[in-house]
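**Student:** Structure incoming, see below.
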Amino acid sequence: MGFDLFDFFINNPLTNALLLLYGLLGRNFVLAILVLTVIIKLITLPLTFRQQVSSMKMAAMQPKIKELQEKYKSEPQKLMEEQRKLGFSPLSGCLPLLIQFPVLIGLYNAITRSLAVTPMSLLDLGKHVYSFLPNISSLMPIDSKFLIWDLGQPDTAYLIPFLPIGIIPILVILTTYLSNRLMTPPSTDPQSAQMNQTMQWMMPIMFGMFMFTAPVGLGFYWLVSNLMGVGQYYLLKPRIDHAKRQYALPNAGGTAAVSNSVVKSKSAATPAPPAPLPKSKGRGAPSIELSKPKDKDKNKK
Amino acid sequence: MKKFRGSVIALAASALVLSACSGGEPAPGGFPGVIVSDTHAYLASNFALYKVSLDNVTEVWRFGAGKNPAQPDVSFAGQPVRLGGAIVVGGGIGTSMIDNHVYGVSDETGLELWRFRGSAESREYVDGVSTDGKLIFAPNGDGNLYALDPSQLTSINEDGVERKTPRLAWTFAATNKLWSRPAVADGRLYQASMDHKLYALDAATGRLLWTFDKASAPIGVRPAIAGGMVYFGAFDNTFYALDAATGALKWRTVLDAWLWSDPIVDRGVVYSADVRGKVHALKADTGQALWWLETRNAVRAQPVISGDTLYVVSLDTLVYAIDLTNVRPAADGRIEYKDVTRKWKDEVNLGRRMTSTPVLSGPNLWVPLFDGDVKLQSLDLGNGARKLAFPIKK
């Protein structure tokens, strides 16, 4: 058999973990999805927080970065140097997200594999169950019934009779919108703000469209994942609010707070300098010491 | 804003290009199936049942989407059977659709003779249907095995259209999906089920004769019947041999992975294969493992034997031909393909995944392909050379 790194390190452990939970939780697949999603969200919580704060930091730096770009237009080397001095690292916001992304894809794969709706997907599942866990195979086939849904089929529990719009896709759209709205870092850059605003409604619609034809089991995963995201936001809210104050960003979540008039007035005038950034710890980008009250005091001074 | 608008347009254009690149018909959800007569092949693959001339692989007719608006726009899967003047095929499972009918199609014209729909809960026919020459045995994803008598047709009105349907002779209900065809021998049916059981039934009446319930995982194969024994593998990595008359366990051998390949018995040896790509040879009377050979991906198709050669098709896109007269395994039973005396110089790479049992016809091996433009490929049994491919490239 060919060796697949992604399968070996991500897909297979998650698939087997999901099946193991399914067995332990009384063969309730939705409960297994919920528990595994919670576990993964908890494990990746520090990364999520870092990513949020880092994004806010980068957003706060935008006016200064633009200034530098204008100033050192013909000196790219110097520009990079100045950016580095400022602690600007465009990847720092993405990196935690990039680390989480394979896990999310793996979880998605684990659910589609485990549901094994088609013979081909069952064959695929068979290749990846751990043979040292013999009880896993005895759990097959997965009981795909949950309340009024068949988890392996698209949602046919229509909100309005004869109008083929399922309950779960609608809930996915609503929760994706809510989660995006809360989790999107505010932006002081008008272009980014506009883009964020568009993404806030485009993404839920895209996911919703996908969910109309996808198995309901996946819908439950997105639902749980979105709700967890919202929960995570409120869990981290005190720290995030602290970061917002520190970087002088609009207070409300998402870009909704950055109204066009605000953006216009800001962009028309000389951009206000961002709040003082935390001091650098050594050579790299300034570290974020949000939990320490002394930073707050410094800002007040 | 203008810059942003440009990005959105670029993104939309890329999405459009990417979706166009994926072109062609979507990959099937079910496994294709093929049977051959002296002159024709009947292939159930994805969205149609095809009758193909073996001489020049031209399409004689096609039952299904795209040929005739009156024909069903559904997915077909599993092995069809010929009974009288009809080709009988089951509706399969597609990426986003399930068809829950069995169709009788005229061998001569390719037009629908009859159709059957089981319970209100009826689902897909994954592995096709079997016959004893009188009845059609159609195992369904709803857990029911339907026995149909196509010699007695009655009229029904389905979706406002007048159609013919065969008499339902009897129904047997298992407690989970039936994703394999039953084996038929000596007036008995042997039906495996995803409910971890194997059932023996009277073929004429559907009366339950015995149940084997010692497997701890689903059974997804059509058992092999030979010498008064029933042979089958299960998803609990175990191969079983039972007394065909009583269902008593004769032996069992634990192997390495799920067994989802229909076994075959030849000269006292049982051949089977697992989803991790191993082909196993076991002694039919004791279950002793004789040797195993490793392919590079899952083997779901039944191995086939012609003379002294065992042909194996794998999901790894390769076709293997092993000369059974000169197999010398290592101490652990392993044989390396490079070391066996091969009928062919090398494995033949068809470049497409294969999940379904190939069929022998004269000097050719006809291999159904799971996905891609080519649906059926013939190989020369002697040297593995590619011969004809269906459909013919224009």
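**Student:** At most 14 other Cβ atoms within 10 Å and a DSSP loop assignment: could you name the trypsin sites (Lys or Arg not before Pro) in region B:106-185 that fit?
**Tutor:** B:LYS134
**Student:** Hey, what number do you get for chain B at 222 nm if only DSSP H runs of n ≥ 4 count, each worth -39500 (n - 2.57), divided across all residues, to the nearest 500?
**Tutor:** -1500 deg cm²/dmol
**Student:** Got a sec? Which residues in region B:111-147 would a label at B:ALA204 touch, if it sits 7 Å along Cα→Cβ and we count backbone N under 13 Å?
**Tutor:** B:134-135
**Student:** Here's a follow-up. For chain B, modelled as a Gaussian network with Cα springs under 10 Å, which listed residue fluctuates most, B:THR211, B:THR39, B:THR175?
**Tutor:** Of B:THR211, B:THR39, B:THR175, the most mobile in the Gaussian network model is B:THR39.
**Student:** Can you sort A:GLU70, A:GLU81, B:GLU124 by how many other beta carbons sit within 10 Å, fewest first?
**Tutor:** Listing A:GLU70, A:GLU81, B:GLU124 from fewest to most nearby Cβ atoms yields A:GLU70, A:GLU81, B:GLU124.
**Student:** Here is a further query. Excluding B:GLY233 itself, calculate the net charge of residues whose Cβ lies under 14 Å from the Cβ of B:GLY233, where each Lys or Arg counts +1 and each Asp or Glu counts -1.
**Tutor:** Around B:GLY233, the charge tally is +2.
**Student:** Under the definition of Cα pairs under 8 Å and six or more residues apart, what whole-number percent is the relative contact order of region B:26-173?
**Tutor:** 16
**Student:** Something else: Which of B:HIS280, A:HIS128, A:HIS242 comes first, and how do the rest follow, when ranked by fewest Cβ neighbours within 10 Å?
**Tutor:** Going from least to most buried by this count: A:HIS242, A:HIS128, B:HIS280.
**Student:** Under 10 Å, Cα contacts only: if you run a Gaussian network model on chain B, which one of B:ASP159, B:ASP256, B:ASP195 comes out with the highest mean-square fluctuation?
**Tutor:** Comparing B:ASP159, B:ASP256, B:ASP195 in the GNM, the peak value goes to B:ASP159.
**Student:** Then there is this: Considering the Cα trace of region B:26-173, what is its radius of gyration and what is Dmax, both in angstroms?
**Tutor:** Rg and Dmax of region B:26-173, Cα atoms, are 14.1, 43 Å.
**Student:** Taking 8 Å as the Cα distance limit and 6 or more residues as the minimum spacing, I'd like the relative contact order of region B:301-394 as a percentage.
**Tutor:** Rounded, it is 22 percent for region B:301-394.
**Student:** Treating each Cα of region A:110-237 as an identical point scatterer and ignoring solvent, apply the Debye formula and state log10 I(q)/I(0) at q = 0.14, 0.19 Å⁻¹.
**Tutor:** For region A:110-237 at q = 0.14, 0.19 Å⁻¹, log10 I(q)/I(0) is -0.75, -1.04.
**Student:** When only C-alpha pairs under 8 Å and at least 6 residues apart count, what is the relative contact order of chain B, in percent?
**Tutor:** This gives 9 percent for chain B.
**Student:** For A:137-149, what's the mean count of beta carbons from other chains sitting within 10 Å of each residue's beta carbon?
**Tutor:** Per-residue shielding by partner chains comes out at 3.
**Student:** Applying the Karplus parametrisation 6.51 cos²θ - 1.76 cosθ + 1.60 with θ = phi - 60° to the phi angles of region B:174-186, what ³J(HN,Hα) value in whole Hz is obtained for each residue in order, glycine and proline being reported as x?
**Tutor:** With the stated coefficients, region B:174-186 comes to 8, 9, 7, 3, 10, 10, 9, 6, x, 8, 10, 7, 6 Hz.
**Student:** Toward the positive end of the charge dipole of chain B, about the Cα centre and with charges on Cβ (Lys, Arg +1; Asp, Glu -1), which of B:GLY90, B:GLY78, B:PHE31 goes farthest?
**Tutor:** Toward the positive end, the furthest listed residue is B:PHE31.
**Student:** Using amide H atoms built 1.01 Å from N in the peptide plane, name the residues 5+ places from A:THR184, or on other chains, whose amide H lies under 5 Å from its own.
**Tutor:** HN-HN under 5 Å from A:THR184: A:GLY254.
**Student:** Report, as an integer, the average count of C-beta atoms from other chains found within 10 Å of each Cβ along A:113-119.
**Tutor:** Mean inter-chain Cβ contacts per residue within 10 Å come to 5.
**Student:** If amide H atoms are built 1.01 Å from N in the plane of the peptide, which residues on other chains or at least 5 residues away come under 5 Å of the amide H of B:VAL60?
**Tutor:** The list, which skips near neighbours in sequence, is B:LYS51, B:VAL52, B:SER53.
**Student:** Need one word for region B:190-231: rounded, prolate or oblate. Basis is the Cα gyration tensor (sqrt eigenvalues a ≥ b ≥ c); a/c below 1.5 gives rounded, then a/b vs b/c decides.
**Tutor:** In terms of gyration-tensor shape, oblate.
**Student:** Using amide H atoms built 1.01 Å from N in the peptide plane, name the residues 5+ places from B:ARG188, or on other chains, whose amide H lies under 5 Å from its own.
**Tutor:** B:ALA203
**Student:** Checking the table B:LYS214/B:LYS283; B:LYS283/B:LYS375; B:LYS283/B:LYS387; B:LYS250/B:LYS278 against a 25 Å threshold on Cα-Cα, which pairs fail?
**Tutor:** Those over the limit are B:LYS283/B:LYS375; B:LYS283/B:LYS387.
**Student:** Follow-up question, since we're still on this one. Please give the FRET efficiency for B:ALA173 paired with A:ASN28, using the beta carbon to beta carbon distance and R0 = 22 Å, rounded to the nearest 0.05.
**Tutor:** It comes out at approximately 0.35.
**Student:** From largest to smallest, what semi-axes in whole angstrom does chain B give when each is the square root of 5 times an eigenvalue of its alpha carbon gyration tensor?
**Tutor:** After diagonalising the Cα gyration tensor, the semi-axes are 33, 30, 21 Å.
**Student:** Okay, next question. Quick one: A:MET183, A:MET203, fewest Cβ neighbours within 10 Å first, how do they rank?
**Tutor:** With the sparsest Cβ surroundings first, the list reads A:MET203, A:MET183.
**Student:** Quick one: divide the alpha-carbon radius of gyration of region B:257-394 by 2.2 N^0.38 Å and tell me what you get.
**Tutor:** Here the answer is 1.01, to two decimals.
FYI, it's all coordinate maths here, none of it is from the lab. This structure is a prediction, so every number in the text was calculated from the model and none was measured. In this analysis, Cβ positions are derived from the backbone assuming ideal geometry, glycine residues included, and neighbour counts consider all displayed protein chains.
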